[in-house]
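Q: Once you've had a glance at the structure underneath, I'll fire off some questions.
The values are calculated or read from the model by the stated rules, or taken from the named source; none is laboratory data. If you're wondering where the values come from, they're calculated on a predicted model, not measured in any experiment. Please note: Cβ atoms are built from the backbone with ideal geometry, for glycine as well, and neighbour counts cover all protein chains shown.
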Amino acid sequence: MTVAFNYNKTEVDDRETINPISGGRIEALEDVLPNAKGNIAWSHTQGQLRTLVRASYYGAWKSTGNGYTLCATTLVDAQVAYDYT
């Protein structure tokens, strides 16, 4: 079993004076990625059979190009494999 969680918050605190960046670029740097991401995975092997179930969580984030906010979401995937050799 694997469990992981990550939280990041990006804040631009200096626009520079020689080569300043725009307000839109600052908004993209600060808001375009989710602040929180986590996952939990369970894998099991028995003989020639392998299974995996994983849930990945992504926090809410803002689409600066379109001006809307995407809600937090969880994606779940599963895998079953059999070794024929």
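Q: So which of Asp77, Asp13 ends up being among the charged types (D, E, K, R), loosely packed, with under 11 Cβ neighbours inside 10 Å and assigned to a loop (DSSP other than H, G, I, E, B)?
A: Step by step, each of Asp77, Asp13 is checked, and only Asp13 is among the charged types (D, E, K, R), loosely packed, with under 11 Cβ neighbours inside 10 Å and assigned to a loop (DSSP other than H, G, I, E, B).
Conditions tested, residue by residue: (1) in a helix (DSSP H, G or I); (2) over 14 Å from the mean Cα position of the chain (by Cα); (3) surrounded by 14 or more Cβ atoms within 10 Å (Cβ to Cβ); (4) hydroxyl-bearing (Ser, Thr, Tyr).
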{"residue": "Ile18", "(1), (2), (3), (4)": "no, yes, no, no"}
{"residue": "Ile21", "(1), (2), (3), (4)": "no, yes, no, no"}
{"residue": "Ile26", "(1), (2), (3), (4)": "yes, yes, yes, no"}
{"residue": "Leu33", "(1), (2), (3), (4)": "no, no, yes, no"}
{"residue": "Gly38", "(1), (2), (3), (4)": "no, no, yes, no"}
{"residue": "His44", "(1), (2), (3), (4)": "no, yes, no, no"}
{"residue": "Leu52", "(1), (2), (3), (4)": "no, yes, yes, no"}
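Q: Here is a follow-up. If Asn66 passes every condition in (1) over 30 Å from Thr10 (Cβ atoms); (2) assigned to a loop (DSSP other than H, G, I, E, B) but one, which one does it miss?
A: Condition (1) is where Asn66 drops out.
Q: For a quick check of your reading of the model, give me the residue pairs whose first member lies in segment 62-85 and is among the aromatic types (Phe, Trp, Tyr), whose second is at pLDDT 85 or above and not in a strand (DSSP E or B), with beta-carbon atoms closer than 9 Å and at least 6 apart or on different chains.
A: Listed pairs, sorted by first residue: Tyr82/Gln48; Tyr84/Gln48.
Q: While we're on this one: Any residue in segment 10-27 that's over 20 Å from Asn66 (Cβ atoms): show its pairings with residues that are of a type in the set (A, V, I, L, M) at Cβ separation under 6 Å, as long as the two are six or more apart or on different chains.
A: Val12/Ile26; Val12/Leu29; Arg15/Ile21
Q: Moving on. Condition first: loosely packed, with under 10 Cβ neighbours inside 10 Å and among the polar types (S, T, N, Q). Now tell me which residues in segment 55-74 satisfy that. Write out each step before concluding.
A: Pass one, segment 55-74, residues loosely packed, with under 10 Cβ neighbours inside 10 Å: 65-68, 71.
Matches in segment 55-74: Asn66 only.
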